[in-house]
1. How long is the gain from residue 21 to residue 58 if the chain were fully straight, where each residue apart is worth 0.36 nm and the alpha carbon distance is subtracted?
2. Under Stokes-Einstein, with the Kirkwood radius over Cα pairs standing in for Rh, what whole-number D in µm²/s applies to the chain at 37 °C and 0.692 mPa s?
3. Determine how large the accessible area of residue 48 is when every protein chain is in place; take a 1.4 Å probe and give Å² rounded to the nearest 10.
4. How much length, in nm to one decimal, is gained on full extension between residue 14 and residue 30, taken as 0.36 nm per residue of separation minus their Cα-Cα distance?
5. Out of the total accessible area of the chain (probe 1.4 Å, heavy atoms of protein only), what percent is carbon and sulfur?
6. With every protein chain left in place and a probe of 1.4 Å, what is the accessible surface of residue 44, to the nearest 10 Å²?
7. Mind checking the per residue accessible area of the chain for me, 1.4 Å probe, whole number of Å²?
8. Charges only on Cβ, +1 for Lys and Arg, -1 for Asp and Glu: so what's the dipole of the chain about the Cα centre, in debye to the nearest 20?
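The values are calculated or read from the model by the stated rules, or taken from the named source; none is laboratory data. Computed from a predicted model, the values in this text were never measured in an experiment. All Cβ positions, glycine included, derive from the backbone under ideal geometry; neighbour counts span all protein chains shown. We work out accessible area using only protein heavy atoms, side chains counted, and drop any ligands, DNA or RNA first. Shrake-Rupley method; radii C 1.70, N 1.55, O 1.52, S 1.80 Å.
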Amino acid sequence: MSELDQLRKQITQIDGKIIELIAERQQLITKVGQYKRKHQLPVYCPEREALLRTFHDTVSEEQQVSATMIAKVFEVLIEESRRTQLNEQ
């Protein structure tokens, strides 16, 4: 196996882990949606999303990863989280 093939194999393994973590996150989102529904809380919480953005920016900087890229990834995840919570109602 070439060095390139080995690197690609490692990337594929990491991609699998990322997908597993996203699935775990979605399971928690479902529970959050159930809690919000039970306690009559709104799905959209701008304060929470602002805290998350700050957290993502901080971790991006610490890990020396593009904050712009991470913001785009989490924009999709957060939109999907809202959609999941709304569909649970």
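1. Computed gain between residue 21 and residue 58 is 11.3 nm.
2. 219
3. So the heavy atoms of residue 48 present about 130 Å² to solvent.
4. Value of the extension gain: 3.3 nm.
5. On the way: 4180 of 7350 Å².
Whole-percent figure for carbon plus sulfur exposure: 57.
6. Number for this one is 120 Å².
7. Details: 7350 Å² over 89 residues.
Result: 83 Å² of accessible area for each residue.
8. 500
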